[in-house]
Amino acid sequence: MQIKSLILFMPSIEGGGVEKNLIIISNYFAKKIKNIKLISAENRLRNSFNKKINFISPSSKFSKNKNKIFKYLICLFLLFKEYLRNKNILIFAFQANIYAIIFAKILNIKIITRSNSSPFGWSKNPFKKILFRFFLPMADEIIVNAYDFKKQMDKEFNLKTKLIFNPLDRKNIAKLKNEQIKDNFFLDKKNFKILNAARLTNQKDHLTLLKAFKIVNKKIKSKLLIIGSGKNKTIIEHYIHKNNLLHSAKLISFQKNPYKYMNVADLFVLTSKFEGLPNVLLEALSLKKFVISANCPTGPSEILLRGKAGYLFKIEDHKQLAKKIFTHYKNQKKNKLMTNYGYLSLSRYDYKKNCEKYLNLILGYLENEY
């Protein structure tokens with residue numbers, strides 16, 4: 001019998017929090033598991049993965065500019081090819097969970113899935129809801145990364161999910177935070193510097209951030225930097241230009257090292273409509289940055305200790321967000337106590353402890369081969 005192979009399934013790597021967790025967890029696995037493969041339609045972050053991981057993907061030209069469904073199907077084809085080579089596999093899906101579950105159940109393969117965002121964002125469609133209720137329980141394990149997330153998933157889909165927090169690699173953040181910033185836009189100490197880092201999608205709701213900043217910028221000498229890539233780039237750039245914010249708000253593409261910008265920021269703001277457990281808030285707190293976040297399902301309230309470690313505002317309420325920014329601006333020294341409180345709570349997201357939980361779960365399904 002061939003040695004059991006662990007196959008990580010992540011068709012679309014876009015450079016967000018899910019991808020960061022994929023890189024951290026899979027690289028940790030590579031130290032302990034002999035036969036590990038990653039199937040993806042994307043190549044651009046390939047160098048971020050341990051060389052021991054067999055990276056399986058089509059040519060970059062083949063999958064370029066294709067939609068997610070196309071990438072999912074291509075990766076299922078690649079997964080089937082791997083199955084024909086070695087039927088003794090375990091699938092760990094980070095994305096396209098329903099597709100992967102159907103594939104695994106047809107071929108009688110064990111599958112572990114990791115859910116990444118609150119069902120609030122994707123269960124409003126009645127057909128989708130029925131689909132998820134039917135197929136999700138077929139997974140051998142479903143991992144979630146927040147208490148509130150777990151409650152929602154278990155209740156909504158009658159599941160018994162497993163909670164494992166995101167592993168926070170604080171050593172890597174500390175290593176990268178002092179890298180030099182070449183662009184002077186975000187370096188002027190006379191400006192109050194506000195940072196956001198997120199994919200440019202409707203979920204992340206950058207327009208609420210920009211509307212709030214437009215109010216703030218009239219009264220405070222400030223700069224807003226948005227880091228991210230995605231389909232809403234043109235919409236965001238149009239708003240900045242139309243509202244005469246070109247000198248005070250700037251959008252730059254996805255950065256492998258956002259921590260150098262985070263390190264010089266005075267405030268980090270998240271405006272998402274829904275999340276799972278936003279890694280970026282953990283990273284901001286690890287650099288002792290004050291955080292203001294939408295009180296969206298799920299994650300921010302949990303990370304910010306229900307408002308004791310940062311400010312929370314109502315989803316899509318740009319006026320309330322603007323008021324929160326003004327309040328923090330006036331109380332920066334006082335608010336350091338809140339930030340320190342949040343910083344001290346980060347032990348929950350310990351890198352080694354949570355990576356070990358993932359590893360032990362995987363090894364349990366790989367039986368006694370390791």
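Structural remarks
- Looking only at region 338-360, and only at residues there that are in contact with a Lys or Arg (Cβ under 7 Å, 6 or more places away or on another chain) and aliphatic (A, V, I, L, M), the one that is most open to solvent (accessible area, probe 1.4 Å): Met338
- Ile215 out of contact with any Gly (no Cβ under 6 Å at 6 or more places or on another chain), touching a residue at least 40 places away in the same chain (Cβ under 8 Å) and not in a loop (DSSP other than H, G, I, E, B): yes
- Scanning region 172-207 for residues being more than 20 Å from the chain's Cα centre (by Cα), closer than 16 Å to Ser286 by Cα and crowded, with 18+ Cβ neighbours inside 10 Å gives a total of 0.
One line per residue, one yes/no per condition, for (1) under 21 Å from Gln203 (Cβ atoms); (2) modelled with pLDDT of 95 or more; (3) assigned to a loop (DSSP other than H, G, I, E, B):
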residue	(1), (2), (3)
His241	no, yes, no
Lys250	no, yes, no
Lys256	no, no, yes
Ala265	no, yes, yes
Val269	yes, yes, no
Leu282	yes, yes, no
Lys289	no, yes, yes
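- For region 66-112, residues that are part of a strand (DSSP E or B), among the hydrophobic types (A, V, I, L, M, F, W, C) and within 16 Å of Pro137 (Cα to Cα) total 5.
- Qualifying residue in region 25-32 (condition: part of a loop (DSSP other than H, G, I, E, B) and surrounded by fewer than 20 Cβ atoms within 10 Å (Cβ to Cβ)): yes
- If the condition is being farther than 23 Å from Gly299 by Cα and open to solvent by 30 Å² or more (accessible area, probe 1.4 Å), then region 104-119 contributes Lys105, Ile106, Leu107, Asn108, Lys110.
- Pairs, first farther than 23 Å from Val280 by Cβ in region 225-249, second open to solvent by 40 Å² or more (accessible area, probe 1.4 Å), C-beta under 6 Å, six or more apart: Asn243/Lys214
The values are calculated or read from the model by the stated rules, or taken from the named source; none is laboratory data. These figures come from a predicted structure and were not determined experimentally. Ideal geometry is used to build each Cβ from the backbone, glycine not excepted, and the neighbour counts take in all protein chains shown. Accessible surface areas use protein heavy atoms only, side chains included; no ligands, DNA or RNA. Shrake-Rupley method; radii C 1.70, N 1.55, O 1.52, S 1.80 Å.
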